[in-house]
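Single-structure report; data block below.
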Amino acid sequence: MTFTLTVEHKKKREEFRCFAEEELDSGDHFPQENLQKAAERGYMGYPIPVQWGGQGRDFLSYILLIEEISRVCSSTGAITAVHTSVGTFPILYYGTDQQKKRYLPGLARGELLGAFALTEAGAGSDAASLATTATAVEDGYRLNGSKLFITSGGQADIYTVFATVDREKGVKGITAFLVEKNTAGLIVGKPEKKMGLNRSHTTELQFEDLFVPKSNRLGNEGEGFKIAMSLLDGGRIGIAAQGLGMARAAIDFTVNYLKEQDLKGNKTEQGVSFVLADLACSFEAARLLVYRAAALKDSGARCSKEASMGKMFATDLAMTAATKCMDLCGLASAREESPLVRYFRDAKAPQIYEGSNQIQRIVIARQILRDY
Ligand SMILES: Cc1cc2nc3c(=O)[nH]c(=O)nc-3n(C[C@H](O)[C@H](O)[C@H](O)COP(=O)(O)OP(=O)(O)OC[C@H]3O[C@@H](n4cnc5c(N)ncnc54)[C@H](O)[C@@H]3O)c2cc1C
């Protein structure tokens, strides 16, 4: 049993850290330049096979990449993770040869941006109760309904959309479709004004009699729910990596700040030390959980419980770290321009998306009860 990264992984992490620190900005507009720079280095298709235009790297390396990007710009981390794990993998895993040829090389090279549209107003945690319909017509389907809070809405080139061909069939009616931007009948809402992660655009999507050719149905009719659920393990480990990056950003900022303040002789030193020590322990534990989940995924083993553990623990830690670091830095964290304010605001959403952390706890508990 080993508890450290291989030399190769350590080198990769260093490469990603240098890239993130030297090349990425953390401004307030959609991070097109960041994504472009990531694409130039092959980072938008890092775990996608070389055959399809990607870098063919292991999942753990991809997780290190998302962690380092998220440490500098969590919105860029979120967009990259969604693009890769639920924007590109569905086509890699379930696409026909024709779909793979049409979309994968562009997605893997970052020339196209991918998105995933499952959530609706009445179907968040309970995704199975979605109401968007897909009615069979000659040569394809007509989609009607709407989706909410879709990452990269309006920026994405290709959306994996979930709709039901027959609501009476429940989950067995849910079917996945590939919808290209600019398709007639696709109406994209304005980006939501969110608490954080605002560089990552999140919008409503409406489908008004939108025609999808049969050739753009992903998998068979009724396989959509299975497809969506099968992507979640990888997606959750990606969000967990975002949590790691965000937690580290807050801790790094605070350690530097405290060192500059020179705490020697300060009577609060012990109070500060205890908080820092607790955060450092939790961070190491989070990393072990997340890297283990990624390594399990690389080995082909089942990793739903481990992915949920990593996602829940690392994203909860990002929120805790931002909060505690604000306490430690006092006034230095009180101004809007303080990076800690951004870390705090950005940390909330990852606790909610890709399955809220309450839902992760349900997944973990169910698996424990099953295995016991
Ligand atoms: C920034 C952001 C980006 C997003 N991007 C995407 C995207 O790209 N694609 C997409 O499809 N969706 C996206 N989402 C939506 C996200 O996946 C949902 O918000 C999430 O699944 C939760 O659904 P909900 O908000 O409807 O909450 P609800 O399901 O209404 O849940 C509300 C609360 O109840 C709790 N709860 C619900 N059911 C249970 C239960 N059975 N037991 C215990 N507690 C429960 C939840 O944990 C939560 O705390 C995004 C959301 C955000 C915030």
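The values are calculated or read from the model by the stated rules, or taken from the named source; none is laboratory data. Fair warning: this is a prediction, and the values are worked out from it, not measured in the lab. Neighbour counts run over all protein chains shown; Cβ positions are idealised from the backbone, glycine included.
Any idea which of (1) over 19 Å from L232 (Cα atoms); (2) β-branched (V, I, T); (3) part of a helix (DSSP H, G or I) is the one T4 doesn't satisfy?
Every listed condition holds for T4 apart from (3).
For the condition modelled with pLDDT of 95 or more, among the β-branched types (V, I, T) and within 28 Å of I251 (Cα to Cα), what is the one hit in I91, I69?
On inspection, the qualifying residue turns out to be I69.
Evaluate the following for Y159: is it closer than 29 Å to G27 by Cα, assigned to a strand (DSSP E or B) and of a type outside the set (V, I, T)?
yes
On the phi > 0 side of the Ramachandran plot, at pLDDT 95 or above and away from the ligand (no atom under 15 Å from the Cβ): does that describe G110?
yes
For region 218-253, name all the residues that are surrounded by fewer than 21 Cβ atoms within 10 Å (Cβ to Cβ), of a type outside the set (D, E, K, R) and not in a helix (DSSP H, G or I).
G219, N220, G222
Would you mention how many residues in region 298-308 are buried (at least 23 other Cβ atoms within 10 Å of the Cβ), over 15 Å from the mean Cα position of the chain (by Cα) and assigned to a helix (DSSP H, G or I)?
1
Kindly check whether there is at least one residue in region 202-217 that is part of a loop (DSSP other than H, G, I, E, B), out of contact with any Pro (no Cβ under 6 Å at 6 or more places or on another chain) and either of a type in the set (G, A, S) or buried (at least 20 other Cβ atoms within 10 Å of the Cβ) (or both).
no
Give the residue, chosen from D97, D157, that is surrounded by fewer than 17 Cβ atoms within 10 Å (Cβ to Cβ), more than 12 Å from the ligand (Cβ to nearest atom) and closer than 30 Å to E40 by Cα.
D97
Given the options P31, P47, P90, name the one that is in contact with a Lys or Arg (Cβ under 6 Å, 6 or more places away or on another chain) and under 23 Å from V161 (Cα atoms).
P47
Test A128 against the criterion of being part of a helix (DSSP H, G or I) and modelled with pLDDT under 95, and give yes or no.
Against the criterion (part of a helix (DSSP H, G or I) and modelled with pLDDT under 95), A128 qualifies.
Mind checking which pairs have a first residue in region 333-353 that is free of Cβ contacts under 8 Å to residues at least 40 places away in the same chain and a second that is assigned to a helix (DSSP H, G or I) and near the ligand (Cβ under 10 Å from one of its atoms), Cβ under 6 Å, 6 or more apart or different chains?
Once the first residue is free of Cβ contacts under 8 Å to residues at least 40 places away in the same chain and sits in region 333-353, its partners that are assigned to a helix (DSSP H, G or I) and near the ligand (Cβ under 10 Å from one of its atoms) give Q351/N357.
Among the residues in region 262-278, are any under 30 Å from T84 (Cβ atoms) and modelled with pLDDT of 95 or more?
There is no residue in region 262-278 that is under 30 Å from T84 (Cβ atoms) and modelled with pLDDT of 95 or more.
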